[in-house]
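To start, the structure under review is shown below, and the notes come after it.
The values are calculated or read from the model by the stated rules, or taken from the named source; none is laboratory data. Owing to the predicted nature of the structure, the values given are computational and were not obtained by experimental measurement. Quick reminder, even Gly has a Cβ in these numbers, built from the backbone with ideal geometry, and neighbours come from all protein chains shown.
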Amino acid sequence: MRIRTFEEYQTAYRHSVEDPEGFWAEVAQEFKWHKPWKKVLDWNFSTPDIKWFVGGKTNITENALDRHLRELGNHPAIIWEPNDPSEPSVTLTYKMLHDQVCRFANVLKRNGVVKGDRVCIYLPMVPEAAIAILACARIGAVHSVVFGGFSAQSLTDRIIDSNCKVIVTSDGAARGNKNIPMKDTVDDALIACPSVKKVIVLTHTRTAISMIKGRDVWWESEMKQVTSDCPPEVMDSEDPLFILYTSGSTGKPKGVVHSTGGYMVYSAYTFQNVFQYEQDQVFFCTADVGWITGHSYIVYGPLLSGATSLMFEGIPTYPDAGRFWDIVDRHKVDILYTAPTAIRSLMGFGLKYVEGKDLSSLKVLGSVGEPINEEAWNWYNEHIGKGKCPIVDTWWQTETGGILISPIAGVTKTKPTYATLPLPGVQPILVDESGKEIEGNGVSGNLCIKYPWPSIIRTTWGDHERCRQTYFSTYPNLYFTGDGCLRDEDGYYRITGRVDDVLNVSGHRIGTAEVENAINMHSDVIESAVVGYPHDIKGQGIYAFVICENTLDDEDLSRRDILATVTRIIGPIAKPDKIQFVRGLPKTRSGKIMRRILRKIAEGDTSNLGDTTTLLDPSVVDDIKDGAL
Ligand code: ATP
Ligand code: MG
């Protein structure tokens, strides 16, 4: 299962393409199955209908917890770092975690949850979030985790969409110096959610909250009512494990459904290989459990591998912009996995927050969520990795369940801004607008995958047609990622942004990410977002929204500097036609730029901006509208 050299990668890759079923059967063997599968894979991409390990029976928590008890029972499974650095961190060993999960599984049962029911989890980044997730899986309930920063309306939408019976929440949450009223938000959300019968409330910030008799119960008192004896429910490989809504960068969030067996095998396989995790190392993924990255690489991947997963409650800038580096120093983190948006933001605070921190424990760095621009890549490499840690730029999606294209740490030669090569089992293909394969190297096109991997999306909850239409109908017999991609002369893949974000300027195809990359190279620029707008002569013009640091005694001069920078880096063809300086960019709560809003503004059409409920700070949009050029 473990790849150690580039030759081994090549052998594994070849095997996975020539004999996918044989390849994945071998990997899946390492897990405990109550009943072996009858057939490894059954699939078609037209309806679509995809089944892995058909007829196999297992329970993912048995593999993530029980399986490790004998050898790793007293090893740390989760290390929890609280928001407030003066409070002590908490360590849960595999034994302790197993005990808590079984108890909470019994609490769920006590509150009427049975196999197949949906449970909404709306919690801060506390160990109980992982416990609640695993407890659902223990009894075969389908978890739907909603990021704790979402509003009541967004929570309502997600609860209604998946018809949840129970919601697990906390009184409040601490993020930086803010106290976030979780239970109040749940109360507001539930006004419109008749399906929810019980609310299980964890005491965390000890904020005063309402507790409604018959509906609301306390986590702590419930846990006292149950034993820690909870045999795992035997699940079919294709039983749904969870629903997770996408971050909504491109439209209404989709309730992506993942199933049990394939997700288990793939999240563990990719965790171990991409990061080259070694026993006793500390793995720190800074994502929230409310995103797929948290599901696959804070909870399932690491625990299925017997790893130690560090979970951080707070934000990277509290109490100051050195918090990540403090955590690395304090807990001797071996592997750090974070997002370009965090790197860029911390970069903006300057090196003084990195200096004096002992980062020598770091061995591997990871990036996920959006294309990482060259400047951020170099900063991460130089100042955090000290030039000795491979950076794995991992490309994947909520729908893919696990990493698809990425270097294998220390095995694949990296190249800044490149996700490099497909992992074993992943068969990418680039196609043009008409769906024709673009062969060879040194080409770019729309990124599709032509063969299923074990954790591919099975459906969108309650609306299979939407799944078919969104991912499997654009190009027949291909899974369409929605991302544009370049394959260079070495066969390395580089994601250039969403296909919708690829511009056609005077007949040249230019990725918005590429232009942003160049703008961001300008020393005063903190961040930028580029979109296209209709242009009489060029077809599409380039409109750039830019956040600058040295605010602009002479905006016009700054504009010309930026144009000169872009010309140097890409060429005059990529020069923005319009540059608007802004204070902030419209970002989703997962830190991604909602370009479709900027596109509307650039087009001068602000009457209907579409679904903006997943925006972090909607007021940014008004400012940008006011300053539009
Ligand atoms: P929605 O589908 O609702 O618009 P979303 O696509 O932002 O939301 P996610 O599934 O969280 O939701 O994000 C996946 C997308 O993030 C990918 O399709 C890609 O555009 C981008 N992405 C993720 N990792 C990388 C990476 N390493 N390099 C480039 N882009 C990445
Ligand atoms: Mg998406």
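Against the definition (without any contact (Cβ under 8 Å) to a residue 40 or more places away in the chain and more than 18 Å from residue 324 (Cα to Cα)), how does residue 414 come out, yes or no? Judged against the criteria, residue 414 is a match.
The residue list 292, 298 contains one member that is touching a Cys at 6+ places or on another chain (Cβ under 8 Å) and within 16 Å of ligand 1 (Cβ to nearest atom), which is 298.
Of the residues making up segment 393-450, those that are assigned to a loop (DSSP other than H, G, I, E, B), within 16 Å of ligand 2 (Cβ to nearest atom) and among the aliphatic types (A, V, I, L, M) are 403, 404, 419.
I'm trying to understand the selection: among the residues of segment 250-281, which are away from ligand 2 (no atom under 16 Å from the Cβ), of a type in the set (Val, Ile, Thr) and under 16 Å from the mean Cα position of the chain (by Cα)? Those that are away from ligand 2 (no atom under 16 Å from the Cβ), of a type in the set (Val, Ile, Thr) and under 16 Å from the mean Cα position of the chain (by Cα): 270, 274. Any residue that is surrounded by fewer than 18 Cβ atoms within 10 Å (Cβ to Cβ) and more than 28 Å from residue 317 (Cα to Cα) - is there at least one of those in segment 160-171? Within segment 160-171, one or more residues are surrounded by fewer than 18 Cβ atoms within 10 Å (Cβ to Cβ) and more than 28 Å from residue 317 (Cα to Cα). Within the set of pairs 6 or more residues apart or between chains, which connect a residue that is among the small types (Gly, Ala, Ser) inside segment 17-40 to a residue that is part of a loop (DSSP other than H, G, I, E, B) with Cβ atoms less than 9 Å apart? Close Cβ pairs satisfying both conditions: 25/37; 28/37; 28/56; 28/454. Residues that are away from ligand 1 (no atom under 16 Å from the Cβ) and among the aliphatic types (A, V, I, L, M) within segment 511-532 comprise 518, 519, 521, 525, 526, listed in sequence order. Could you tell me whether residue 500 is away from ligand 2 (no atom under 15 Å from the Cβ) and either farther than 16 Å from residue 540 by Cα or in contact with a helix residue (DSSP H, G or I) (Cβ under 9 Å, 6 or more places away or on another chain) (or both)? Spelling it out, it is not the case that residue 500 is away from ligand 2 (no atom under 15 Å from the Cβ) and either farther than 16 Å from residue 540 by Cα or in contact with a helix residue (DSSP H, G or I) (Cβ under 9 Å, 6 or more places away or on another chain) (or both).
Within segment 380-392, if we keep just the residues that are closer than 13 Å to residue 346 by Cβ and crowded, with 20+ Cβ neighbours inside 10 Å, the residue that is nearest to ligand 2 (Cβ to nearest atom) turns out to be 380.
For segment 337-375, taking the residues that are touching a strand residue (DSSP E or B) at 6+ places or on another chain (Cβ under 8 Å) and β-branched (Val, Ile, Thr), the one that is nearest to ligand 2 (Cβ to nearest atom) is identified as 368. Against the conditions (1) out of contact with any Gly (no Cβ under 7 Å at 6 or more places or on another chain); (2) more than 24 Å from residue 227 (Cβ to Cβ); (3) part of a loop (DSSP other than H, G, I, E, B), residue 33 satisfies every one except (1). Of all the residues in segment 233-249, those that are under 16 Å from residue 134 (Cα atoms) and either under 15 Å from the mean Cα position of the chain (by Cα) or crowded, with 22+ Cβ neighbours inside 10 Å (or both) number 5. Selection of strands (runs of 3 or more DSSP E) fully inside segment 500-543 by the criterion of at least 1 residues being touching a residue at least 40 places away in the same chain (Cβ under 8 Å) and acidic (Asp, Glu) returns 525-535.
Against the list (1) within 16 Å of ligand 2 (Cβ to nearest atom); (2) out of contact with any Pro (no Cβ under 8 Å at 6 or more places or on another chain), the condition residue 245 fails is (2). On inspection, residue 133 qualifies as of a type outside the set (Gly, Ala, Ser), under 15 Å from residue 289 (Cα atoms), out of contact with any Asp or Glu (no Cβ under 7 Å at 6 or more places or on another chain) and part of a helix (DSSP H, G or I).
Rundown of residues vs (1) at negative phi; (2) under 24 Å from the mean Cα position of the chain (by Cα); (3) of a type in the set (S, T, N, Q), yes/no style:
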| position | (1), (2), (3) |
| --- | --- |
| 159 | yes, yes, no |
| 162 | yes, yes, yes |
| 165 | yes, no, no |
| 169 | yes, yes, yes |
| 174 | yes, yes, no |
| 195 | yes, no, yes |
| 209 | yes, no, no |
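Going residue by residue through segment 179-188, is there one that turns out to be within 16 Å of ligand 2 (Cβ to nearest atom) and either crowded, with 20+ Cβ neighbours inside 10 Å or in the same structural domain as residue 139 (by the TED database) (or both)? The answer is no, given that none of the residues of segment 179-188 is within 16 Å of ligand 2 (Cβ to nearest atom) and either crowded, with 20+ Cβ neighbours inside 10 Å or in the same structural domain as residue 139 (by the TED database) (or both). Residue pairs whose Cβ atoms lie under 7 Å apart, separated by 6 or more positions or on different chains, with the first residue in segment 204-217 and of a type outside the set (Val, Ile, Thr) and the second crowded, with 17+ Cβ neighbours inside 10 Å and not in a strand (DSSP E or B), are 204/124; 204/126; 204/171; 204/172; 206/171; 210/187.
Here's the yes/no breakdown for (1) at pLDDT 95 or above; (2) hydrophobic (A, V, I, L, M, F, W, C); (3) part of a helix (DSSP H, G or I); (4) crowded, with 23+ Cβ neighbours inside 10 Å:
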| site | (1), (2), (3), (4) |
| --- | --- |
| 289 | yes, yes, no, yes |
| 294 | yes, no, yes, yes |
| 297 | yes, no, yes, yes |
| 302 | yes, no, yes, yes |
| 325 | yes, yes, yes, yes |
| 330 | yes, no, yes, no |
| 341 | no, no, yes, no |
| 345 | no, no, yes, no |
